[in-house]
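Any read-out appearing in this document is the output of simple, stated calculations on the displayed coordinates, not a laboratory observation. Since the structure is predicted, the reported quantities are computational estimates derived from the model, not experimental observations. Here Cβ is always computed from backbone atoms with ideal geometry, including for glycine, and neighbour counts include all displayed protein chains.
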Amino acid sequence: MLNPTIPPTVPVDTDIAMKIAAIPGDGVGPEIMNEAVKLLRTVDELNNLGVEIMEFDLSAAHYADTGLALPDTVSRALSEEADAVLLGPLGDPTISDSQYAREVISGLVTSLDLSIILREVKLLSAELSPMTTLTEGDLDFSLITEGTTGFQSDLGGTVAAGRDNEVVVEQEVNTRQQIERAVCFAFDWAARHGRNRVTMVYGARAQKHSQELWSRVFKEISDSFDNTSTSMLHTDAFIQRFVNTPDQLDVVVTDHMFGSVISSLATAFIGGHGLASVAHVNPDGKGLFRPLHPPSAKYAGKDYANPMGAMMSVSLLLELAGHERITSSIEASLKKALESGWTTRDLGGSMGTSEVGDYICSFLTERHS
C-alpha cells in the first residue's frame, strides 16, 4: 500500500534536456502538431531548455501499409528514449475499424504505465462558453481520472448473440493500488498548485463494491492532508455544482467512466475540442500529451484547423516538467490571441492554422524580451 503521508510527486528537474517524441497523427494532425512543435521550439530557444524532438510515424497510412498500429520497435524506443510523447489526432475514414487508433493509445498507456488522465479545465475566454454567466475565473480546475481500471478492464462477453435470449455482460475491475495512485496524485497536484480543495466524484449506487473502495481509499489518504478541504459528491450533485458554482472546484478525482462524462462537459464549457488537451501520465514523470481535436480528414491540408489545443498540450507537458512560469506565459499568449480575434473559423475568426501558431509564438517572444 502507498504511504498516504508521502504521495508520489511529479519530478521537477529543470536542468536536464528533455527528449520529446512527436507523432503527427492523421487528418489535420500534422498541421496542428506542427504548431505545437513550433511552440515547443520557441520556448526552448527562449529558455534554453535543451529540448530534443524525435518524430515517429504512427498513422492510418502506416497501419494500412504494415498492419501494425504500434510496432514493438516504436513502443520500445518511446519507452526507453523519450521523456514525453506529443500525439496528434488519430483516425481516418479509409479505415473503417477505429481499433487502430485505440490500439495506439492503449498500447502507449500500457507500455509507459500511464494510468492517470489529467485535464486542466480552464476557460480562457468567457465569450466562447455556452454558459453565459461564466467569467474566466469561474472555471479553473484540474480533473484527474484513473484511466486503466473500472470498465476499462475490457472483461465481459456475449452469450447467444443474435438470439432472443441474447445476454451481454460487462465487468468492472478496480484495484486499491490504482485508486491510491490516482488519489495520491490528486492531493499532490493540489499541493503543488496551491489548490485547497479536492473533490472525489462517485457514481451509480449499483456499483456498490467499487464505490465503497474508492470512498474508503479517499478517506484514508485525505486524513493525511489537514490543510486541504475534501468532499465526496455523487455525480448528480457534482453536475449541479459544475454548472452552478464551478468556482468551488479546485481538483476533482474520479474513475474513468465519470471522468469521461465530466471531461466531455468541460470541453463544451470551454469552447470546444479545438481548445482542449489531455495528458496520460505516470506519477514518476512519463507522459503522453495530446489535443482532443478530431482528425477531421476532410479539412486536412486546408489550413483550417485550430492549433490551440495542440499548443495547450505542450503547455501541460511543460507544467508537468516543472516549468510553471513558461506555462503561464503560454496561457497568456493564447488569451491574447483569443482577445484579438486571431483565431480559426471554429472560434469565429478567419485566420489559418499556421497564422494562429505564428501569432502565439510571436507574442510569447515579445513577452519574454
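Remarks
- Relative packing of 291-297, 38-44, 130-136, which averages over residues the other C-beta atoms within 10 Å, highest first: 291-297, 38-44, 130-136
- On the beta carbon distance between Ser328 and Asp113, with R0 = 25 Å, the FRET formula returns roughly 0.30.
- The chain: relative contact order as a whole-number percent, Cα under 8 Å and 6+ apart: 24 percent
- D_trans [Stokes-Einstein, Kirkwood Rh over alpha-carbon pairs] for region 181-276, 25 °C, 0.890 mPa s, µm² s⁻¹: 175 µm²/s
- Number of Lys pairs (Cα under 24 Å; 8 or more positions apart or on different chains) in the chain: 12
- Using alpha carbons only: equivalent-ellipsoid semi-axes of the chain, gyration tensor based, whole Å: 31, 26, 22
- Other residues with beta-carbon under 14 Å from the beta-carbon of Val85 carry, at +1 per Lys or Arg and -1 per Asp or Glu, a net charge of -3.
- The DSSP beta bridges internal to the chain are antiparallel in roughly 45% of cases.
- Treating each Cα of region 30-188 as one equal point scatterer and applying the Debye formula with no solvent, the log10 of I(q)/I(0) at q = 0.13, 0.15 Å⁻¹ comes out as -0.98, -1.20.
- Here the gap between Met131 and Thr245, fully extended at 0.36 nm per residue and compared with their Cα-Cα distance, gives a gain of 39.9 nm.
- Here region 318-361 is treated as a sphere whose radius is the Kirkwood value from Cα pairs; by Stokes-Einstein at 25 °C and 0.890 mPa s it diffuses with a coefficient of 222 µm²/s.
- Taking only alpha carbon atoms, region 192-232 gives an Rg to Rh ratio of 1.04, where Rh is the Kirkwood radius.
- For Ala305, the residues 5 or more places off, or on other chains, whose built amide H falls under 5 Å of its own are Thr353.
- Size of region 57-139: Rg and Dmax of its alpha carbons, in Å, are 17.6, 51.
- Relative to one another, the C-alpha centroids of region 241-315 and region 88-132 are positioned 7 Å apart.
- Sparse-neighbourhood loop sites, trypsin sites (Lys or Arg not before Pro) in region 94-183 - DSSP loop, at most 14 other Cβ within 10 angstrom: Arg163
- Every Cα-Cα pair in region 229-369 was counted, and those over 20 Å apart are 55% of them.
- Among Ile20, Ile95, sorting on how many other beta-carbon atoms sit within 10 Å of each Cβ, with the fewest leading, yields Ile95, Ile20.
- Dipole of the chain, positive direction: furthest Cα of Asn174, Met232, Asn306, with charges on the beta-carbon: Met232
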